[in-house]
Amino acid sequence: MEKEKKTILSAIKPTGTLNLGGYLGAMKNWVALQDEYNCLYCIADLHALTIKIEPATLRKNSLELFALYMACGIDPKKTVLFFQSHVHQHAELGWILDCYTMFGELSRMTQFKDKAAKNADNVNAGLFTYPSLMAADILLYQADLVPVGEDQRQHLEICRDIANRFNGRYGEVFTLPDAYTPKVGARVKSLSNPMNKMSKSESDANGTVDLLDPRDAIIRKFKKAVTDSDSRVRYAEGKDGINNLMSIYSAVTGKTFSEIEKDFDGKGYGDFKLAVGESVADCLAPIQEKYRLIREDKAELERIYREGAEKASYLANKTMRKVYKKIGLIEK
Ligand code: TYM
């Protein structure tokens, strides 16, 4: 790792396949950061266990996501790319940080409250302590910046609180990380319910565009996107559906909102929805092509994730030795 560069870490849970929200809100920005920073990106497979997930599904999602990272442009020569479960220090530091995380602060996490309400039959302890494992993911690598969507900001705040508490007691052990949220595309909403984020757990398949969706399905989903009764394409309060489509269109074409408004002046929502659908399908086509090639070469994929785990373990171990010593555990 180059010392003078800042370190970035981020992760995606393999609870589903990657959708447009995760791509525009996360992955696309990660690709752009690879030259400027020391980047570590991981598949947060241990976090995925907080929901009920079939082993075969978890395995499939994890490998698919790994290949998608690469297809989207994450380059394992520049970036450390790995599975969280391959680096045992994540779970170890997660436990230690549990002991420096308060019940009260975990109880206030909005994601915990939302998920507990939605899955009343599986409010497990892992769901509750999820933020301390996520803090471990970040603090293990002394990350300076964590690129995440808006929905993860509260988790970043608690990570800083935990790190501050630990450092306050033991000296400067952890770097305090900052959230890094890009402006455009940072919050992609569901196409069928534009008040909510486009999410892997969404029940309406029309609301979510998966990265591996075929072209005709993508265009069909955009044609069906929920909008309002106005007919002018313009960004304005209360026009959640159109605002979302404009954000997506802007993220994939690079056009500003005023350019989009000018381009679609005098045209209806139908034309606009079709244009957004086509531009998204065009943007995803080369990614899907690359994905297929990467997924076919199983041996190479394995080589890459083993190498990633090795590099990550080396860095994680440095932090763990420091932590063990500071808190009073006996060194081996
Ligand atoms: P996850 O897997 O839900 O989402 C991965 C990343 O994608 C962003 N994202 C979105 N951004 C914009 N619009 C959307 N509709 C959208 N959907 C998802 C998320 O904000 C996130 O940045 N807890 C994390 C995973 C995690 C992690 C970490 C992240 C585990 N350890 C350490 C950063 C650092 C999560 O559930 O993300």
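How high is the FRET efficiency between Asp35 and Asp230 when r is their beta carbon distance and R₀ equals 51 Å, given to the nearest 0.05? Before the final figure, lay out the partial values.
Numbers: r = 42 Å, r/R0 = 0.83.
Computed FRET efficiency for Asp35 and Asp230 comes out at 0.75.
To the nearest 20 debye, what is the magnitude of the charge dipole of the range 60-150 about its Cα centre, counting +1 on the Cβ of each Lys and Arg and -1 on the Cβ of each Asp and Glu?
Details: 7 positive and 10 negative charges, 35 e Å.
Charge dipole of the range 60-150: 160 debye, to the nearest 20.
Roughly what % antiparallel, to the nearest 5, for the DSSP beta bridges in the chain? If you can, show how the numbers build up before the last one.
Values: 2 of 16 bridges.
Roughly 10 percent of the DSSP beta bridges within the chain come out antiparallel.
Does the range 282-323 classify as rounded, prolate or oblate by the C-alpha gyration tensor (a ≥ b ≥ c root eigenvalues; a/c under 1.5 gives rounded; else a/b over b/c gives prolate, otherwise oblate)?
On the way: a/c = 7.75, a/b = 2.39, b/c = 3.25.
Oblate shape, in that a/c is at least 1.5 and b/c is the bigger or equal ratio.
Points 7 angstrom from Cα along the Cβ direction at Asn167 and Lys325: gap in nanometres?
Distance between label points: 1.9 nm.
Can you list the trypsin sites (Lys or Arg not before Pro) in the range 1-56 that are in a DSSP coil and have 11 or fewer other beta carbons within 10 angstrom?
On the way: sites: Lys3, Lys5, Lys6, Lys28, Lys52; in loops: Lys3, Lys5, Lys6, Lys52.
Those satisfying the criteria are Lys3, Lys52.
Any lysines with Cα under 21 Å of the Lys326 Cα? List them, leaving off those in the same chain fewer than 8 positions away.
Lys318
For the chain, build the charge dipole from Cβ charges (+1 Lys, Arg; -1 Asp, Glu) around the Cα centre, then report which of Ala299, Ala91, Phe66 sits farthest towards its positive end.
Ala91
If r is the Cβ-Cβ distance from Met195 to Leu49 and R0 is 35 Å, what FRET efficiency results, to the nearest 0.05? Don't skip to the end; give the middle numbers.
On the way: r = 29 Å, r/R0 = 0.84.
Efficiency, rounded to the nearest 0.05: 0.75.
Which whole-number value in Å² is the accessible area per residue of the chain, probe 1.4 Å? Intermediate values should be presented prior to the final figure.
Working: 16130 Å² over 332 residues.
That works out to 49 Å² for each residue.
Where the centre of each part is set by its Cα atoms, how far does the range 266-297 sit from the range 4-76, in angstrom?
Each part's Cα centre sits 20 Å from the other's.
Need the full-extension length gain, Glu307 to Ala217, defined as separation in residues times 0.36 nm minus the C-alpha distance. One decimal, nm.
On the way: separation 90, 0.36 × 90 = 32.40 nm, distance 3.63 nm.
Here the segment from Glu307 to Ala217 would lengthen by 28.8 nm.
Taking the Cα centre of the range 205-266 as origin and charging only Cβ (+1 Lys, Arg; -1 Asp, Glu), how large is the dipole, in debye to the nearest 20? Intermediate results must be reported in sequence, preceding the final value.
Details: 10 positive and 11 negative charges, 37 e Å.
So the dipole magnitude of the range 205-266 works out to roughly 180 debye.
Give the aspartates and glutamates whose C-alpha is closer than 14 Å to that of Lys311, dropping any in the same chain fewer than 8 places away, or say none.
Glu2
Residue farthest toward the positive end of the dipole of the chain, with Cβ of Lys/Arg at +1 and Asp/Glu at -1: which of Gln34, Tyr235, Leu156?
With unit charges placed on the Cβ atoms, the residue in question is Leu156.
Mind checking which lysines have their Cα closer than 24 Å to the Cα of Lys290? Skip sequence neighbours fewer than 8 apart in that chain.
Lys290 reaches Lys13, Lys28, Lys60, Lys77, Lys78, Lys200, Lys221, Lys298.
In what sequence, highest mean first, do 238-244, 256-262, 119-125, 139-145 appear when ranked by Cβ atoms within 10 angstrom?
Numbers: 238-244: 18.6, 256-262: 14.1, 119-125: 11.0, 139-145: 22.7.
Going by the mean number of other Cβ atoms within 10 Å, highest first, we get 139-145, 238-244, 256-262, 119-125.
Using 0.36 nm times the number of residues separating Asn124 and Thr57, minus their current alpha carbon distance, what extension gain do you get? Before the final figure, lay out each step's value.
On the way: separation 67, 0.36 × 67 = 24.12 nm, distance 1.98 nm.
The span from Asn124 to Thr57 would gain 22.1 nm if fully extended.
Taking only Cα atoms and a 10 Å spring cutoff, compute GNM fluctuations for the chain and point out the largest among Ser190, Ser229, Ser247.
Result for the chain, Cα springs under 10 Å: Ser229 fluctuates most.
Residue separation times 0.36 nm, minus the C-alpha to C-alpha distance between Ala299 and Lys262: what's the value? Don't skip to the end; give the middle numbers.
Numbers: separation 37, 0.36 × 37 = 13.32 nm, distance 4.98 nm.
Working it through step by step, the gained length comes to 8.3 nm.
Over all directions, what mean area does the Cα convex hull of the chain project, stated in square nanometres? Mind showing how you got there, number by number?
Working: hull surface 72.2 nm².
The number I arrive at for the chain is 18.0 nm².
Assign unit charges at the C-beta atoms only (+1 for Lys and Arg, -1 for Asp and Glu), then state the dipole size of the chain relative to its Cα centre in Debye, rounded to the nearest 20.
Here the chain has a charge dipole of around 480 debye.
Below 8 Å between Cα atoms, with a sequence gap of 6+, how large is the relative contact order for the chain in percent? Mind showing how you got there, number by number?
Numbers: 496 pairs, mean separation 72.4, N = 332.
About 22 percent, as a whole number.
Where does the charge balance sit around Tyr100 when Lys and Arg score +1, Asp and Glu -1, over other residues with C-beta under 11 Å from its C-beta? Working shown, then result.
Details: positive: Arg165, Arg169; negative: Asp98, Glu105, Asp161.
Here the count lands on -1.
The values are calculated or read from the model by the stated rules, or taken from the named source; none is laboratory data. In this text the structure is predicted, and so the values were computed from the model without any measurement. Glycine gets a Cβ as well: all are built from the backbone with ideal geometry, and neighbour counts include every protein chain shown. These area figures cover heavy atoms from the full protein model, side chains too; ligands, DNA and RNA do not enter into them. Shrake-Rupley method; radii C 1.70, N 1.55, O 1.52, S 1.80 Å.
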